[in-house]
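S.K.: I have a structure here, written as structure tokens, and I will follow up with some questions on it.
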Amino acid sequence: MSDMNYLSLLIWLPVIAAFGILALGPQREGLARLFAMLASVITLIISVPLWMHFDASTAAMQFEEKVSWISALNINYHLGIDGIAMPLVVLTTFISVLTVLSAWKVIKKNVHQFMAAFLMLESMMIGVFCAQDAMLFYVFFEAMLIPMFLIIGIWGGPNRVYATIKFFIYTFFGSVFMLIALIYLYMQGGTFNIAEIAEIPLTLKEQTWIFFAFFLAFAVKIPMFPVHTWLPDAHVEAPTAGSVVLAAIMLKIGGYGFLRFSLPITPDASSELAGFVIALSLIAVVYIGLIAMVQKDMKKLIAYSSISHMGFVTLGIFIAFALILKGGDTSMALEGAMVQMVSHGFISAALFLCVGVLYDRMHTRLIRDYGGVVNTMPLFAAFFVFFAMSNAGLPGTSGFVGEFMVILSSFQANFWFAFLAALTLIFGAAYSLWMVKRVVFGEVKSEAVSQLTDISKRESFVLAVLAIAVLFLGIYPEPLIDVMRVSVEHLIEQISVSKV
Amino acid sequence: MSMNILLIIALSPLVGAIIAGFFGRKIGKIGSHLVTIASVAVSCILSIQVLMGLVNGEFTVFNQNVYSWMVTGDVSLNVGFLVDSLTALMMSVVTFVSLMVHIYTIGYMHDDPGYQRFFSYISLFTFAMLMLVMSNNFLQLFFGWEAVGLVSYLLIGFWFKKETAIFANMKAFLVNRVGDFGFLIGIAAVMMAFGTLDYSEVFAQLPQFADKTISIFPGVEWSLMTFIAIALFIGAMGKSAQAPLHVWLPDSMEGPTPISALIHAATMVTAGIFMVSRMSPIFEMSDTALSFVMLIGAFTAFFMGLIGIVQNDIKRVVAYSTLSQLGYMTVALGVSAYSAAIFHLMTHAFFKALLFLGAGSVIIAMHHKQDMSEMGGLKKYMFITFITMWIGTLALTGFPGFSGFFSKDIIIEATHLSDRWGSSVAYIAVLFGVFITALYSFRLLYLTFHGKEKMDNHTKEHLKESPWVVTLPLVLLAIPSIAIGWMTIEPILFGGFLSDAIHVLPQNDVVKEIGQEHFHGAGSFVLHGLTQLPFFLALAGFALASYIYLKKISIADNAKKTFRPIYDLLQNKYGFDDFNQKYIAGGLVSLGNLLWKWSDSKLIDGLIVNGSAKLVNKISKVFRGFQSGYIYHYALVMAVAVILFIGVHVI
């Protein structure tokens, strides 16, 4: 372990860079891009030691930093990461670089502001995963909305105002209840330290209230059925880079929130209500899967597919309670949920980038406007088919790993859980491949398609990097499981013990 | 046997595929086919060496993990190889047929712009198939299982401009996914029951599980082993195209012919047969599951064969014959004659690949026309194709002495001897299937090679035998189609060659019974076959086909008119496709639309989300009225309130 404050550096470097970029002014676009690239690459490089020097043998927080912030309320600037947070931090820095690269030429209006907003967003997201103080977490959680609000609201599509307000109010609505819960917990325990909050004894009734407060915040974020309707709109209107970050990272904050807050703080209520969350998750897999199938807009289709895939995350997390009671592979369920989050980060990012590539050329996202793209963009088509297959959970890609683990473990809880979850094998393939068939294959459908040019070196680089990540995680997921193993075991210990 | 050899066998085609796939343009057409052919040849030679080593007793069964895929909780999931007689046999068949197809492709795809891509795909397929058969655990089996499905998808849709092809590949993948759904549930059940996905660890625990039950519906207890066996078999029904999941295979003929031979006849579609044989210890524990397997197979063997009689597309006839033959193998599995299923799998791989490649040779000569009603009399233009197709047909129809005779007769005999529930029905199906097989097979030969030349003049002028890269594989496949049955029936079926892999309960072992009571060497088996019912049925089919298609073609037309409803039923393939299209695919899309428009858009988003926003808007409109900004409004409200307040208190 080093005495360098890696986490602070990670969080604040992009913010400083953002101000620097803003200072460049609107004229120097090239410099703004370069600067943003540099900032995100350096952030990525700084995050590498987090993985290299991570001690996978302990569940304790690592790279910890703690400074008093508001001492009257015992609020601290307290950072740290464990095996659950670390992969998500690295995912964030990794995806951010690719996103900057993907926005390189696409964003033409106010480039410096876009890049600045984007870097701030990155900071806030890293902050969320690193915060060990609930108030600090809350601040990052809310602050993150602002740059995203701007990214969709300024650089978004024609219906962007509706979409941003919907996105904002939805998320805000959820998180307000989380704030109330945190204040209540502070009044009970006098601390905002997340680890200490988890130690506060609570009655089942208290836990239930708190559970629902957290649940609203995280269920909206991830998003779960039936509070998911903001996501398709936000995705459709967001610029490609916005969609990528939204799908690849922001949704994960919901899943992370369940693991960091709901489970350890309200284990008994979570256990009581696991059936309810599992039901919602399975609805997400089946119902949303069916809805994804009939979408006409590619981005909407992928957005619904995201919701459906996130169903596996919540399913894996809450199936754990059934497995603790029955005795099953609890680790597999929780680790499956985590793997699914990371994998979805890669795959959804890639799919949104693919749609972005097409949109930049044709300025339409409607499936029916395409057809026979493979004839003019063979390299792109190869990537698109690959990522669609990963999205359909093809073994050998990361998309398979998490779903496989969650399906296997949910069978141990209840046959019907596995039965419904496994339907994704059919639905996921159906919506992914039907889209591919209509967009990529066939004769050249229109004059516009015949004019298409294949992806540039920059675009193929971004997609190739993601493809390698997807393949690596599919062929050899052990390194990822390895870093989270002990932290997940620790979490299982926490939730196995009743607080009542 | 060493790990290194096995790694080379498995990975060599992958390397070939990567080189041809990524650097195909740089190394050119010749470079691409050389590198992939070399890589598959290496696998083939080493596979045969491994097989020989196992036969000689030089090698023992190999079971070792390559690397740990993941360790989660107490469960360790690995990638590893299990190479025993069954695997070695499959490896040899797969790599040999693949090699033949690679060579053949040079001729068949000669002018195709996707030449390099094609070679890359078929090498990738070989890798995936090897991973499937060499696996020592369910995880890797599932990987190979889906990976071959992926390559099948890519190859059926190889000509991506063809609307029928890109529909067929999606259909193939999705129908297979339905099977895989069952397969995955089966694997999950294995995980739950045994806590491991390693074959040997699962099999070792089996005896304790004979009486275990699983409750799917509250209050109903099912045998766990029956459940697992049937769930796994549903996977096999997808991959090995058993009714009602067979619908994708005829459509897969939209792909180039070499892959019809390799993937959709010789290797991939037999993965289900292989898997059930591999899982024989599990299946043996459930008579119910085996009866189910047998009846599904019998249905497929008989009814899919019937459709073959009315098809005019040369490849589709062979495709339906493949369905029917896969049905035979499945029946064999169902009567616990696993070794007979594997034996038929092997002979079928050779003669069916031969028939497909022969059909492909005809298609090349016909300038990519596949309709048999425009062929005829081709024997004088393409002699090698003609002869080898005859050999393949004689093998398929089970002419005594040819390879198919041995394997098919054993299956029929085994079904006859079996006392499994429903075996008499299956026996009738496989018996009369022989007649049907002969009928459609000779019909194909006659319509193509004999009789009047019905093609147009332009085609006729260009008719010629295919180049040597096409005919060489035909000849090389014709040899085992004749001889492999004769040579290997004794060791494979009765010599206990597969006994290290296949486990049969003594009371179920019909193959052993045949060996002890009826089998006295291959020669006498042939002589015996000449006196048996299947032979006469095949002869009847041959005679009928000869009479109709050589002498009196009008009979066929009259029959078509007389038996119109039956003919239509067969033409419509019993309505499976229409039903699936209309009710399953159509139903799901309608349901999706319904949920989207009504539930998601109108109810959740419209009524609740935007509705609540509108409600806030409305309420605030009302309250906004109070904040008019006029002082006298406020003064009035104050005055009224004061009066009311005082009034309430005074009174």
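S.K.: Within the bounds of segment A:256-263, is there any residue that is farther than 30 Å from A:Val97 by Cα, surrounded by fewer than 24 Cβ atoms within 10 Å (Cβ to Cβ) and either hydroxyl-bearing (Ser, Thr, Tyr) or in contact with a Gly (Cβ under 8 Å, 6 or more places away or on another chain) (or both)? Give the derivation first.
M.R.: Of all residues in segment A:256-263, those farther than 30 Å from A:Val97 by Cα come to A:262-263.
Filter again for surrounded by fewer than 24 Cβ atoms within 10 Å (Cβ to Cβ), leaving none.
Looking through segment A:256-263, none of the residues is farther than 30 Å from A:Val97 by Cα, surrounded by fewer than 24 Cβ atoms within 10 Å (Cβ to Cβ) and either hydroxyl-bearing (Ser, Thr, Tyr) or in contact with a Gly (Cβ under 8 Å, 6 or more places away or on another chain) (or both).
S.K.: Identify, please: which residue in segment A:56-97 is under 24 Å from the mean Cα position of the chain (by Cα) and among the charged types (D, E, K, R) and is, among those, nearest to A:Leu473 (Cα to Cα)?
M.R.: The selected residue is A:Asp82.
Okay, residues lined up against (1) more than 9 Å from every other protein chain (Cβ to nearest Cβ); (2) outside any helix (DSSP H, G or I):
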position	(1), (2)
A:Phe312	yes, no
A:Ile324	yes, no
A:Gly328	no, yes
A:Leu379	yes, no
A:Val401	no, no
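S.K.: Then there's this: If only one of B:Phe183, B:Phe142, B:Phe203 is aromatic (Phe, Trp, Tyr), assigned to a helix (DSSP H, G or I), farther than 24 Å from B:Lys29 by Cα and more than 14 Å from every other protein chain (Cβ to nearest Cβ), which one is it? Can you show your working first?
M.R.: Details: B:Phe183 fails: more than 14 Å from every other protein chain (Cβ to nearest Cβ); B:Phe142 fails: more than 14 Å from every other protein chain (Cβ to nearest Cβ).
Being aromatic (Phe, Trp, Tyr), assigned to a helix (DSSP H, G or I), farther than 24 Å from B:Lys29 by Cα and more than 14 Å from every other protein chain (Cβ to nearest Cβ) holds for just one of B:Phe183, B:Phe142, B:Phe203, which is B:Phe203.
S.K.: For B:Leu139, only one of the following conditions fails: (1) crowded, with 24+ Cβ neighbours inside 10 Å; (2) touching a strand residue (DSSP E or B) at 6+ places or on another chain (Cβ under 6 Å). What is its number?
M.R.: (1)
S.K.: Filter segment B:378-389 down to the residues that are of a type outside the set (Val, Ile, Thr) and closer than 11 Å to B:Phe351 by Cβ and list them by number.
M.R.: So in segment B:378-389, the residues of a type outside the set (Val, Ile, Thr) come out as B:378-383, B:386, B:389.
Selection gives B:Met389 alone.
S.K.: Take A:Phe384 and tell me if it is modelled with pLDDT of 95 or more and either away from chain B (no Cβ under 12 Å) or surrounded by fewer than 22 Cβ atoms within 10 Å (Cβ to Cβ) (or both). Show your work before the answer.
M.R.: Numbers: modelled with pLDDT of 95 or more: yes; either away from chain B (no Cβ under 12 Å) or surrounded by fewer than 22 Cβ atoms within 10 Å (Cβ to Cβ) (or both): yes.
Yes; evaluated as a whole, the condition is true for this residue.
S.K.: Now for a separate question. How about segment B:320-433: which helices (runs of 4 or more DSSP H) wholly inside it have at least 3 residues that are among the small types (Gly, Ala, Ser)? If you could, list the steps in order and put the result at the bottom.
M.R.: On the way: elements: B:338-365, B:383-397, B:403-417.
The qualifying helices (runs of 4 or more DSSP H) are B:338-365, B:403-417.
S.K.: OK, next. Of a type in the set (Gly, Ala, Ser) and either buried (at least 24 other Cβ atoms within 10 Å of the Cβ) or at the interface with chain A (Cβ under 9 Å from one of its Cβ atoms) (or both): is that true of B:Ala189 in this structure?
M.R.: Working: of a type in the set (Gly, Ala, Ser): yes; either buried (at least 24 other Cβ atoms within 10 Å of the Cβ) or at the interface with chain A (Cβ under 9 Å from one of its Cβ atoms) (or both): yes.
Taking the combined requirement at face value, the residue satisfies it.
S.K.: Kindly indicate whether B:Asn580 is within 14 Å of chain A (Cβ to nearest Cβ), of a type in the set (S, T, N, Q), out of contact with any strand residue (DSSP E or B) (no Cβ under 9 Å at 6 or more places or on another chain) and surrounded by 13 or more Cβ atoms within 10 Å (Cβ to Cβ).
M.R.: yes
S.K.: Those residues that are among the acidic types (Asp, Glu) and within 28 Å of A:Lys445 (Cα to Cα), I need them from segment B:141-185; list them, please. Give the derivation first.
M.R.: Our first condition is that a residue be among the acidic types (Asp, Glu); within segment B:141-185, this holds for B:146, B:163, B:180.
The answer is B:Glu163, and nothing else.
S.K.: Scan segment A:251-282 residue by residue and report those that are out of contact with any Pro (no Cβ under 9 Å at 6 or more places or on another chain) and farther than 20 Å from A:Lys205 by Cα.
M.R.: A:Lys252, A:Ile253, A:Gly255, A:Tyr256, A:Gly257, A:Leu259, A:Arg260, A:Ile278, A:Ala279, A:Ser281, A:Leu282
S.K.: Kindly indicate whether any position in segment B:627-636 is modelled with pLDDT under 90 and either under 25 Å from A:Phe427 (Cβ atoms) or touching a His at 6+ places or on another chain (Cβ under 7 Å) (or both).
M.R.: no
For (1) surrounded by fewer than 23 Cβ atoms within 10 Å (Cβ to Cβ); (2) part of a helix (DSSP H, G or I); (3) more than 8 Å from chain A (Cβ to nearest Cβ), each residue gets a yes or a no:
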position	(1), (2), (3)
B:Met129	no, yes, yes
B:Ala147	yes, yes, no
B:Leu155	no, yes, yes
B:Lys161	yes, no, no
B:Phe167	yes, yes, no
B:Ala172	no, yes, yes
B:Val178	yes, yes, no
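S.K.: When you look at A:Ile180, is it away from chain B (no Cβ under 14 Å), aliphatic (A, V, I, L, M) and surrounded by fewer than 21 Cβ atoms within 10 Å (Cβ to Cβ), yes or no? Even if it seems obvious, please write down each step before you answer.
M.R.: Details: away from chain B (no Cβ under 14 Å): yes; aliphatic (A, V, I, L, M): yes; surrounded by fewer than 21 Cβ atoms within 10 Å (Cβ to Cβ): yes.
The answer is yes for A:Ile180.
S.K.: Looking at the structure I just gave you, is B:Lys551 loosely packed, with under 12 Cβ neighbours inside 10 Å and either in contact with a Gly (Cβ under 8 Å, 6 or more places away or on another chain) or more than 30 Å from A:Pro232 (Cα to Cα) (or both)? First the steps, then the outcome.
M.R.: Numbers: loosely packed, with under 12 Cβ neighbours inside 10 Å: yes; either in contact with a Gly (Cβ under 8 Å, 6 or more places away or on another chain) or more than 30 Å from A:Pro232 (Cα to Cα) (or both): yes.
The answer is yes for B:Lys551.
S.K.: Quick check on this structure: which one of B:Gly401, B:Gly377 is in contact with a helix residue (DSSP H, G or I) (Cβ under 9 Å, 6 or more places away or on another chain), within 21 Å of B:Phe435 (Cα to Cα) and either modelled with pLDDT under 95 or surrounded by fewer than 24 Cβ atoms within 10 Å (Cβ to Cβ) (or both)?
M.R.: Values: B:Gly377 fails: within 21 Å of B:Phe435 (Cα to Cα).
Of B:Gly401, B:Gly377, the one residue that is in contact with a helix residue (DSSP H, G or I) (Cβ under 9 Å, 6 or more places away or on another chain), within 21 Å of B:Phe435 (Cα to Cα) and either modelled with pLDDT under 95 or surrounded by fewer than 24 Cβ atoms within 10 Å (Cβ to Cβ) (or both) is B:Gly401.
S.K.: Out of all the residues in segment B:208-222, is one or more within 24 Å of A:Val406 (Cα to Cα) and assigned to a helix (DSSP H, G or I)?
M.R.: The answer is no; no qualifying residue exists.
S.K.: Only one residue in A:Leu473, A:Leu433 is assigned to a helix (DSSP H, G or I) and in contact (Cβ under 8 Å) with a residue 60 or more places away in the chain, so which one is that? First the steps, then the outcome.
M.R.: Values: A:Leu433 fails: in contact (Cβ under 8 Å) with a residue 60 or more places away in the chain.
Residue meeting the stated conditions: A:Leu473.
S.K.: Kindly evaluate B:Asp600 against the criterion of being among the acidic types (Asp, Glu), within 14 Å of another protein chain (Cβ to nearest Cβ) and on the phi < 0 side of the Ramachandran plot. So that I can check it myself, show each step before the final result.
M.R.: Numbers: among the acidic types (Asp, Glu): yes; within 14 Å of another protein chain (Cβ to nearest Cβ): yes; on the phi < 0 side of the Ramachandran plot: yes.
Yes; evaluated as a whole, the condition is true for this residue.
S.K.: Moving on. Give me the pairs: first residue in segment A:442-459 and closer than 17 Å to A:Ala382 by Cα and within 14 Å of chain B (Cβ to nearest Cβ), second residue part of a helix (DSSP H, G or I) and of a type in the set (Ser, Thr, Tyr), beta-carbon distance under 8 Å, and six or more apart or on different chains, which are they?
M.R.: These pairs meet every condition: A:Val444/A:Thr376; A:Val444/A:Ser450; A:Val449/A:Thr376; A:Asp454/A:Thr376.
S.K.: Oh, and also: What tally of residues in segment B:281-309 results from selecting those that are surrounded by 24 or more Cβ atoms within 10 Å (Cβ to Cβ) and of a type in the set (Ser, Thr, Tyr)?
M.R.: Going through segment B:281-309 one residue at a time, the tally reaches 1.
For (1) surrounded by fewer than 24 Cβ atoms within 10 Å (Cβ to Cβ); (2) facing chain B (nearest Cβ under 9 Å), each residue gets a yes or a no:
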residue: A:Met341; (1), (2): no, no
residue: A:His344; (1), (2): no, no
residue: A:Phe352; (1), (2): no, no
residue: A:Tyr359; (1), (2): yes, no
residue: A:Gly372; (1), (2): yes, yes
residue: A:Val406; (1), (2): no, no
residue: A:Ser409; (1), (2): no, yes
residue: A:Trp416; (1), (2): yes, yes
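S.K.: With the structure loaded, tell me whether B:Met294 is within 17 Å of B:Leu206 (Cα to Cα) and out of contact with any His (no Cβ under 6 Å at 6 or more places or on another chain) or whether it fails that test.
M.R.: no
S.K.: Taking only segment B:102-117 into account, find how many residues are out of contact with any Pro (no Cβ under 6 Å at 6 or more places or on another chain), over 21 Å from B:Ser47 (Cα atoms), away from chain A (no Cβ under 14 Å) and crowded, with 24+ Cβ neighbours inside 10 Å.
M.R.: So the count comes out to 0.
S.K.: Next question. Just one of (1) without any contact (Cβ under 8 Å) to a residue 24 or more places away in the chain; (2) in a helix (DSSP H, G or I); (3) surrounded by fewer than 16 Cβ atoms within 10 Å (Cβ to Cβ) trips up A:Glu199, so point out which.
M.R.: Unmet for A:Glu199, out of (1) without any contact (Cβ under 8 Å) to a residue 24 or more places away in the chain; (2) in a helix (DSSP H, G or I); (3) surrounded by fewer than 16 Cβ atoms within 10 Å (Cβ to Cβ): (2).
S.K.: Which one is modelled with the lowest pLDDT among residues in segment B:71-88 that are within 14 Å of chain A (Cβ to nearest Cβ) and surrounded by 24 or more Cβ atoms within 10 Å (Cβ to Cβ)?
M.R.: In this case the residue turns out to be B:Thr72.
The values are calculated or read from the model by the stated rules, or taken from the named source; none is laboratory data. Note that the coordinates shown come from a computational prediction; the quantities given were computed from them, not determined experimentally. Cβ sites come from the backbone with ideal geometry, for glycine too, and all protein chains shown count toward neighbours.
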